[in-house]
Amino acid sequence: MLRSVITGTGSYIPTDIVSNKDFFQHVFYTDGNQRLEAPSSEIVEKFRKITGISSRRYASETMNASDLATAAAGKAIEDSGTDPETIDQIILAHNFGDVAKGTIQMDATPSLASRVKHRLGIVNPGCVAYDILFGCPGWIQGIIQADAFLKAGLAKKCLVIGAETLSRIIDLYDRDSMIFADGAGACMLEYKEVAENGSGILSASMQSHTVKEVNYINMGKSNNPESGQHIGFMKMKGRKVYEYAMKHVPAAMKDCLDKSGVAIADLKKIFIHQANEKMDEAIISEFYKLYGMPQHPPYIMPMSIHWLGNSSVATVPTLYDLVLKNQVEDHVLHKGDVIMFASVGAGMNINAVCYRY
């Protein structure tokens, strides 16, 4: 049988490390423009306990999102042994384009995917390069989209990338700014003949909620009433996002697993968007409760948020690449393992993919 198979992965982790201590001198305001009187060190420590984040990575001054994407893509191409000229599609998920250091202007013309194709030196005009905007679930949506093209016979090889430089569009007066980070992850997806129990995508699930949920994550003014009132920064209604995720993500994950025909007991790993440690743990717990299981298995959920922060579309492909390269302690994959990719983010959007390694 034919399936879409991940034949190579790559990631780029920026070298600039920003620790929680780097925020001790920051002044924070509420979304109601009131200055928080608690010491910043106390605010930061409370933040760490909730999110699990101790440090995050920011892109260097000379690198933009498309540069990170190119680096990750090159590694994925090399890992797969693919001739770049045989790639049919380059799908690049992001949300803010290239944002030069020291500016807030979003640049996505030409598309970031076109920039990556150019930098990779791919000449073949049959290699179609385009971007998708789908919030944090963008890379997984790129996988779902590539799978559809492969099944339709419109492509044989797709390069799917997620890249973001969130550090360039955050409001430093907002506590939520400490969550966000930069990075890129990529994979090669190929349509291949496999055995019935062979590798490949087994199922997918996706949802968009845009009634009252549409502005849970959006662009807005700085929390500091004296700063950047004519500039848009990324804003998040944290409590609303948490409640939304708890209500909808576990159900979407169950829908995906049920479509795959795989029993919950046979699911080996869940690569979930690295948004917030407590939220991710709660989502996984609720997911297993839907199957009548009060506790989830140990080591089901690898995490990188503690040291990499939330790099949006890049978290899932980066985490997957790190596990494959044996860089996440206590987490390994074995041939035949069934895993799930899952994410939630701006839109509000949710998706999940079941995949046999």
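Values in this text are rule-based calculations from the coordinates and carry no lab data. Remember, predicted model here, so these are calculated numbers, not experimental data. A quick note on method: Cβ atoms are made from the backbone with ideal geometry, for glycine too, and the neighbour counts reach across all protein chains shown.
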Expressed in angstrom, Rg and Dmax over the Cα atoms of the range 272-338 are 12.5, 34
Quick one: Karplus J couplings for the range 155-172, per residue in order, coefficients 6.51, -1.76, 1.60, θ = phi - 60°, nearest Hz, x for Gly and Pro?
7, 10, 9, 10, 9, 10, 10, x, 8, 7, 10, 5, 4, 8, 10, 9, 8, 5
1/(1 + (r/R0)^6) with r = Cβ-Cβ of A263 and T210, R0 = 30 Å, i.e. FRET efficiency to nearest 0.05, evaluates to 0.35
Stretch gain in nm, segment R35-K151, where the contour uses 0.36 nm per residue and the Cα spacing is subtracted
36.4 nm
List the GluC sites (Glu not before Pro) within the range 199-261 that fall in a DSSP loop (any state other than H, G, I, E or B) and whose Cβ has at most 11 other Cβ atoms within 10 Å.
E226
Proximal lysines to K221, defined as alpha-carbon separation beneath 21 angstrom and excluding residues fewer than eight positions away on the same chain
K101, K212, K235, K237, K240
Tell me the GluC sites (Glu not before Pro) within the range 251-320 that lie in a loop according to DSSP and have at most 16 other beta-carbon atoms within 10 Å.
none
Listed highest first by mean packing, meaning other Cβ atoms within 10 Å per residue, what order do 161-172, 36-47 come in?
161-172, 36-47
Tell me the trypsin sites (Lys or Arg not before Pro) within the range 206-281 that lie in a loop according to DSSP and have at most 14 other beta-carbon atoms within 10 Å.
K212
Nearest-0.05 FRET efficiency for E85 and D107 at R0 = 30 Å, using Cβ-Cβ distance, is 0.65
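For a quick protection proxy, order the peptides 53-60, 339-346, 201-208, 307-314 by their average other-Cβ count within 10 Å, most packed first.
Result, highest mean first: 307-314, 339-346, 53-60, 201-208.
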In terms of Cα to Cα distance under 12 Å, which aspartates and glutamates are near enough to K269, apart from those fewer than 8 places away along the same chain?
D330, D337
For the chain the mean separation of alpha carbon contacts under 8 Å (6+ apart) over residue count, i.e. relative contact order in percent, is 25
How much of the calculated P(r) for the range 11-148 lies past 25 Å, in percent of all Cα pairs?
43
To the nearest 0.05, what FRET efficiency results for K240 and S55 with a Förster distance of 30 Å applied to their C-beta separation?
0.65
If you take every DSSP beta bridge fully contained in the chain, what fraction is antiparallel? Give it as a percent rounded to 5.
75
XL table K49/K278; K157/K192; K117/K156; K49/K325; K254/K289; Cα-Cα > 20 Å flagged, in table order, is K49/K325
If you stretched the chain out fully between E42 and M219, how much longer would it get, using 0.36 nm times the residue separation minus the C-alpha to C-alpha distance?
61.0 nm
Between W307 and I17, 0.36 nm times their residue separation minus their Cα-Cα distance comes to what?
103.5 nm
Could you tell me which of rounded, prolate or oblate describes the chain, using a ≥ b ≥ c as the square roots of the eigenvalues of the alpha-carbon gyration tensor, with rounded for a/c under 1.5 and, failing that, prolate when a/b is larger than b/c and oblate otherwise?
oblate
